[in-house]
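Notes follow once the structure below has been shown.
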Amino acid sequence: MTTAHTQAGRAAIILAAGQGTRMKSKLPKVLHAIGGRPAIDWVIALAQNTGCSEIVVVVGNHSPEVAAHVSGKLGPQALAVQDPPLGTGHAALSAKQRLAGFVGPVLIMFGDTPLVTEQTLEKLIAGLSEGASVAVLGFEPSDPLLYGRLVVSADGNLERIVEARDASPKEAKIGLCNAGIMAIDGTKLFGLLDRIGNTNAKGEYYLTDIVGLARADGLRVSVTRADADEVLGIDTRAVLAVAEATFQGRMRAKALENGVTLIAPGTVFFSHDTRLAEDVLIEPNVVFGPGVTVEKGATIRAFSHLEGAHVGTGSIIGPFARLRPGADLGADVHIGNFVEVKKSTLGDGVKANHLAYLGDATIGAKTNIGAGTITCNYDGFDKFQTTIGAGAFIGSDTMLVAPVSIGAGAYTGSGSTITKDVPANALSVERSDQRNVEGWAERFRAKKLAAKAAKEGQTK
Ligand code: UD1
Ligand code: MG
């Protein structure tokens, strides 16, 4: 039987049972997203990437959404319920059953602190291999107001952590603060957590008290410093916005480093999973939703919005283009202004340069889609497919009423509403014959002007 008792890897306890009242939101705070990805998912990924074989997420009964979300990702066995939430120390203790006897390092992470890097966590854990039983992540925020203060003795040892509300005026002046994340020797963890009390300003069981308890036992405690922007605890919308900005800054720097040109980096917004190959050029004011891959040498022109899309090598998208989920574009595709593509596969060299909607379509290589073309894919109940062969020419303002298929090399006449399949290499025109009425406009104007003159004569 494999249980935590026999495992000596690393484990993580992720605390996510807090109320998050300061967010003033119906959505639990750990489900608020950074780069399109919920905070808790960032923390879970971090635990996994740091080699944690056991991950316990502590959730509260007041937010079943968090439990459902985590259990969808990691399975129900990853959950530990803390009910009611009585503080971070009490929350960590909720993982006791799952991790009792675990002998490796146990990371305690906060579901609301998503931007820590793997390197920082490695440095933190290194404190344990150097002989400490508890390793604390510290940082120096520009405004330490609500963070716990790290009380360091004259000989440089961390003696205890005092929460802001419990700090003396002198302690409140300490600039070095608790980031919240700790690494603790698994053999000591629950013995220490069991002894945390709640005699403090909030009447809560503070995880931070573990430091004083460890020191009283003569155990060593180490401090690793992190950059302030890594350890933002997302307690308010204002901090959420700062975290988003931090994430965007990292993504922009990474894109530039990887050989992507950003003409105005500060105006381009990424998702956590945006993948851009070398020599991609991004013009100003482009937004990437989740799930976008752009291949080598492609250009995304100004004011385009992409989401769930694949852009092939050398393609040119925009300006003002919208690629929605399932847009799969081959090489050298051109998508121009006010063209929307959804759930459609476009072969190499397809061009749709102006004002079109292409949804639920398969379009063969080198087909030209005229301005104003619309795949009429929806009848209010179901979606229907449009299939267009290679080398076709869809005339401007063609309505393709799906399900419909246009054969390879076929033409459709401008302004046609196509409801029946078109054979390969045919021309399909659906519009009434044109009638020219000679002199009509001249007669019309003369009649109108005469009537106007008569009316003005009467009023004089
Ligand atoms: C905590 C630290 C503080 C540190 C700060 C860093 C404590 C007592 N204080 O304060 O020293 O500077 O983080 O951001 O640890 N949670 C539970 N159950 C609970 C309470 C909280 O699971 O009963 C979870 C929350 O969902 C959150 C995390 O623990 O993910 C931290 O709780 P939060 O209320 O944000 O603590 P802070 O006041 O920020
Ligand atoms: Mg917090």
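The values are calculated or read from the model by the stated rules, or taken from the named source; none is laboratory data. The shown structure was predicted, so the numbers you read here are calculated from the model rather than taken from an experiment. Note that each Cβ is placed from the backbone with ideal geometry, even for glycine, and that neighbours are counted across all protein chains shown. Accessible surface areas use protein heavy atoms only, side chains included; no ligands, DNA or RNA. Shrake-Rupley method; radii C 1.70, N 1.55, O 1.52, S 1.80 Å.
Scanning segment 208-222 for residues that are away from ligand 1 (no atom under 13 Å from the Cβ) and in contact (Cβ under 8 Å) with a residue 12 or more places away in the chain turns up LEU213, ALA214, ARG215, ASP217, LEU219, ARG220, VAL221, SER222. The residues of segment 111-148 that are open to solvent by less than 40 Å² (accessible area, probe 1.4 Å), hydrophobic (A, V, I, L, M, F, W, C) and near ligand 1 (Cβ under 10 Å from one of its atoms), listed by number, are VAL136, LEU137, PHE139.
In segment 165-173, the condition of being open to solvent by less than 40 Å² (accessible area, probe 1.4 Å) and under 18 Å from GLY127 (Cα atoms) is met by no residue.
Of all the criteria given as (1) over 16 Å from PRO290 (Cα atoms); (2) in contact with a helix residue (DSSP H, G or I) (Cβ under 9 Å, 6 or more places away or on another chain), the one not satisfied by PHE270 is (1).
Exactly one of (1) under 28 Å from GLY191 (Cα atoms); (2) open to solvent by 20 Å² or more (accessible area, probe 1.4 Å); (3) out of contact with any Pro (no Cβ under 6 Å at 6 or more places or on another chain) is unmet by ALA47. Its number? It fails just one condition, (2). Let me confirm something: among ALA216, ALA241, ALA253, which residue is of a type outside the set (Ser, Thr, Tyr), open to solvent by 50 Å² or more (accessible area, probe 1.4 Å), out of contact with any strand residue (DSSP E or B) (no Cβ under 9 Å at 6 or more places or on another chain) and closer than 23 Å to MET109 by Cα? So the residue among ALA216, ALA241, ALA253 that is of a type outside the set (Ser, Thr, Tyr), open to solvent by 50 Å² or more (accessible area, probe 1.4 Å), out of contact with any strand residue (DSSP E or B) (no Cβ under 9 Å at 6 or more places or on another chain) and closer than 23 Å to MET109 by Cα is ALA241. Beta carbons closer than 6 Å, at least 6 apart along the sequence or on distinct chains, pair a first residue in segment 226-248 that is more than 13 Å from ligand 1 (Cβ to nearest atom) with a second that is open to solvent by less than 20 Å² (accessible area, probe 1.4 Å) and of a type in the set (Val, Ile, Thr) for GLU244/ILE34; PHE247/ILE34.
For segment 324-341, the set of residues classified as assigned to a strand (DSSP E or B) and open to solvent by less than 20 Å² (accessible area, probe 1.4 Å) consists of ALA327, LEU329, ILE335, GLY336, VAL339, VAL341, listed by residue number.
Considering only segment 110-119, state which residues are outside any helix (DSSP H, G or I) and more than 18 Å from ASP209 (Cβ to Cβ). GLY111, ASP112, THR113, PRO114, LEU115, VAL116, THR117 - these are the residues of segment 110-119 that are outside any helix (DSSP H, G or I) and more than 18 Å from ASP209 (Cβ to Cβ).
Filtering VAL66, VAL59, VAL70, VAL106 for residues that are open to solvent by less than 70 Å² (accessible area, probe 1.4 Å), more than 25 Å from GLY203 (Cβ to Cβ) and under 23 Å from the mean Cα position of the chain (by Cα) leaves a single hit, VAL70.
Scan segment 115-151 for residues that are in contact with a Cys (Cβ under 7 Å, 6 or more places away or on another chain) and at pLDDT below 95 and the total you get is 3. Checking each residue of segment 209-223 against the condition of being touching a Gly at 6+ places or on another chain (Cβ under 8 Å) and in a strand (DSSP E or B) gives at least one match. Could you tell me which residue of segment 350-363 is surrounded by the fewest Cβ atoms within 10 Å (Cβ to Cβ), considering only residues that are more than 16 Å from VAL422 (Cβ to Cβ) and aliphatic (A, V, I, L, M)? Per the criteria, the residue is LEU355. Taken together, the criteria place LEU193 among residues that are surrounded by 20 or more Cβ atoms within 10 Å (Cβ to Cβ), farther than 25 Å from ALA154 by Cβ and not small (Gly, Ala, Ser).
Please verify whether GLY291 is within 22 Å of ASN377 (Cβ to Cβ), open to solvent by 10 Å² or more (accessible area, probe 1.4 Å), among the small types (Gly, Ala, Ser) and under 19 Å from the mean Cα position of the chain (by Cα), treating the condition exactly as stated. Considered against the rule, which asks whether it is within 22 Å of ASN377 (Cβ to Cβ), open to solvent by 10 Å² or more (accessible area, probe 1.4 Å), among the small types (Gly, Ala, Ser) and under 19 Å from the mean Cα position of the chain (by Cα), GLY291 comes out as yes. Inspection of segment 427-441 identifies no residue that is within 47 Å of the chain's Cα centre (by Cα), modelled with pLDDT of 95 or more and under 19 Å from GLY347 (Cα atoms). All of PHE303, PHE320, PHE338, PHE288 fail the test of being touching a Pro at 6+ places or on another chain (Cβ under 9 Å) and without any contact (Cβ under 8 Å) to a residue 24 or more places away in the chain, apart from PHE303. The requirement of being within 16 Å of ligand 1 (Cβ to nearest atom), more than 26 Å from THR21 (Cβ to Cβ), part of a strand (DSSP E or B) and over 27 Å from the mean Cα position of the chain (by Cα) is fulfilled nowhere in segment 84-100; no residue meets it. Filtering segment 171-191 to residues that are more than 14 Å from ligand 1 (Cβ to nearest atom) and either touching a residue at least 12 places away in the same chain (Cβ under 8 Å) or among the small types (Gly, Ala, Ser) (or both) leaves ALA183, ASP185, GLY186, THR187, LYS188, LEU189, PHE190, GLY191. Being charged (D, E, K, R), part of a helix (DSSP H, G or I) and over 15 Å from PRO38 (Cα atoms) is the filter here, so list the residues in segment 227-272 that pass it. Scanning segment 227-272 gives ASP229, GLU230, ARG250, ARG252, LYS254, GLU257.
Among the residues making up segment 73-119, those that are polar (S, T, N, Q), farther than 30 Å from ALA245 by Cβ and out of contact with any His (no Cβ under 9 Å at 6 or more places or on another chain) are GLN77, SER94, GLN97.
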